[in-house]
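Single-structure report; data block below.
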Amino acid sequence: MAGIIGESLANLTLPGLKTMGESAILRKIVHVDMDAFYASVEQRDSPELRGRPVVVAWRGNRSVVCAASYEARRYGIRSAMPAVSAQRLCPEAIFIPPDFVRYKAASSAVREIFQRHTDLIEPLSLDEAYLDVTENKMQLPTATRVAKRIREQIREELNLTASAGVAPNKFLAKIASDWKKPNGLFVIQPHEVQSFLLPLPVNRIPGVGQVTESRLKALGIETVGDLYALELSILEDRFGRYGLRLYQLARGIDHNPVEPNRISKSISAEDTFSEDIPLADTEPQIRSLAEKVWKSSHGNARAAKTVVLKLKTKEFRNITRSLTPPAPPSTSDELANIALSLRERVEMGSKQLFRLVGVGLSNFQTAETPESSLFVEEPIESL
């Protein structure tokens, strides 16, 4: 057992059961997260980069870090950090411009390995995915064995490493995959959930950012155990619908299934200018971004109801304008024209300069889906 042995969950609803007619079976979820993916692909393909601090980013005052090798991370370099800050932290770092064609090819090869084991795959990005291996194609006896086999195949066939978490649901599997990074495997057995979760800082729960964490601390909540002890009515009073989600996650309950055909809730593209420019000069960038977004959304069976324009001022203030037209845009030009009309709703004066613009589609039309069945208690099996 790789997880932490804990108390019985006799008084809790089990966190990963799905109903099938009159019976119920335990979900077995694997979350696979490639290690420093973009940087690892660069080091794999260029042996001279191995063991050295590699930063995947364009050079320039406005560039941000796309990925950093673990050698670079030792200097404090992280994704989304300004590239100039990364260079200050590690002057000897090797900067490599991103090559998304190669990263997508490597991601597709990883996906092919997943498909040998299950068709229930929910990609989150190029470098991570959830897999439901409750039933697996290789007929391996446990989800732990499936995760081990997948990691072995990725290492042997692609010369890359991946970390994996195994648990009864997606929430726990994602936490577990980060537990022994890089190149690690961590398993949370169903009977270990309580003892694993309760000591964790509350900010390990998805959605608990700095603002929510501060509000929880004002209630004396610093750990998941503190949150567990709080009554549902108090959480709902303070946090609305998210209060129920907090209450459930503190108990390790996550009803969300792996969705193999999940479509992004939004599609967007943005561009940071090499120099700050006035709003009136942003039309070429907006039209170019609209074309990128349109191509990315091509083939999407659901139409996006809402067009979004994002701007960031010279002073780093974010501004968003959105519009839900009577009919969704039907061409790239129509999308661009709607985004440009949103620009007219930004009233900040002609002297205001901007450093970034983005265009997006959101609020996709979707068919009604039935609510997930409630979990019921059944005998526990191993993962």
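The values are calculated or read from the model by the stated rules, or taken from the named source; none is laboratory data. Since we're looking at a predicted model, the values are computed, not measured. Cβ placement follows ideal geometry from the backbone for every residue including glycine, while neighbour counts extend to all protein chains displayed. All accessible areas refer to the heavy atoms of the entire protein, side chains included, with ligands and DNA or RNA removed. Shrake-Rupley method; radii C 1.70, N 1.55, O 1.52, S 1.80 Å.
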### Message
For the stretch 60-69, give me each residue that is open to solvent by less than 50 Å² (accessible area, probe 1.4 Å), part of a strand (DSSP E or B) and modelled with pLDDT under 95.
### Response
67
### Summary
Every listed condition ((1) assigned to a strand (DSSP E or B); (2) within 10 Å of residue 279 (Cα to Cα); (3) without any contact (Cβ under 8 Å) to a residue 40 or more places away in the chain) holds for residue 354 save (3)
### Query
Restricted to the stretch 221-280, and to residues that are under 30 Å from residue 82 (Cα atoms) and touching a Gly at 6+ places or on another chain (Cβ under 6 Å), which residue is least open to solvent (accessible area, probe 1.4 Å)?
266
### Task
Test residue 184 against the stated conditions and say whether it is within 30 Å of residue 131 (Cβ to Cβ) and modelled with pLDDT of 95 or more.
yes
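So that you can scan it fast, the table gives a plain yes or no per residue for (1) among the basic types (Lys, Arg); (2) in a helix (DSSP H, G or I):
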| residue | (1), (2) |
| --- | --- |
| 31 | no, no |
| 40 | no, yes |
| 43 | no, yes |
| 55 | no, no |
| 58 | no, no |
| 71 | no, yes |
| 80 | no, no |
| 84 | no, yes |
| 88 | yes, yes |
### Query
Which pairs do you get when a residue that is without any contact (Cβ under 8 Å) to a residue 60 or more places away in the chain and closer than 17 Å to residue 162 by Cα, found in the stretch 34-60, comes within reach of a residue that is exposed (fewer than 15 other Cβ atoms within 10 Å of the Cβ) and not hydrophobic (A, V, I, L, M, F, W, C), reach meaning Cβ atoms under 7 angstrom, with the pair 6+ apart or on two chains?
43/50
### Query
Taking the stretch 242-266 on its own, how many of its residues are assigned to a helix (DSSP H, G or I) and within 30 Å of residue 296 (Cβ to Cβ)?
2
### Pairs where the first residue, in the stretch 151-169, is open to solvent by 30 Å² or more (accessible area, probe 1.4 Å) and the second is part of a loop (DSSP other than H, G, I, E, B), C-beta under 7 Å, 6+ apart
155/161; 161/35; 161/182; 161/183
### Message
Take residue 131 and tell me if it is touching a strand residue (DSSP E or B) at 6+ places or on another chain (Cβ under 7 Å), among the aliphatic types (A, V, I, L, M) and surrounded by fewer than 17 Cβ atoms within 10 Å (Cβ to Cβ).
### Response
no
### Query
Considering 182, 201, which residue is within 21 Å of residue 37 (Cα to Cα) and either hydroxyl-bearing (Ser, Thr, Tyr) or surrounded by fewer than 17 Cβ atoms within 10 Å (Cβ to Cβ) (or both)?
182
### Task
May I ask you to verify whether residue 307 is of a type in the set (Val, Ile, Thr), surrounded by 15 or more Cβ atoms within 10 Å (Cβ to Cβ), under 24 Å from residue 358 (Cβ atoms) and modelled with pLDDT of 90 or more?
yes
### Task
Kindly check whether there is at least one residue in the stretch 364-380 that is part of a strand (DSSP E or B), closer than 21 Å to residue 265 by Cβ and either at pLDDT below 85 or touching a Cys at 6+ places or on another chain (Cβ under 8 Å) (or both).
yes
### Task
Please go through the stretch 71-85 and pick out each residue that is at pLDDT 95 or above and either in contact with a strand residue (DSSP E or B) (Cβ under 9 Å, 6 or more places away or on another chain) or open to solvent by 60 Å² or more (accessible area, probe 1.4 Å) (or both).
71, 72, 73, 74, 75, 77
### Task
Please enumerate the residues belonging to the stretch 310-342 that are open to solvent by 70 Å² or more (accessible area, probe 1.4 Å) and in a helix (DSSP H, G or I).
333, 337
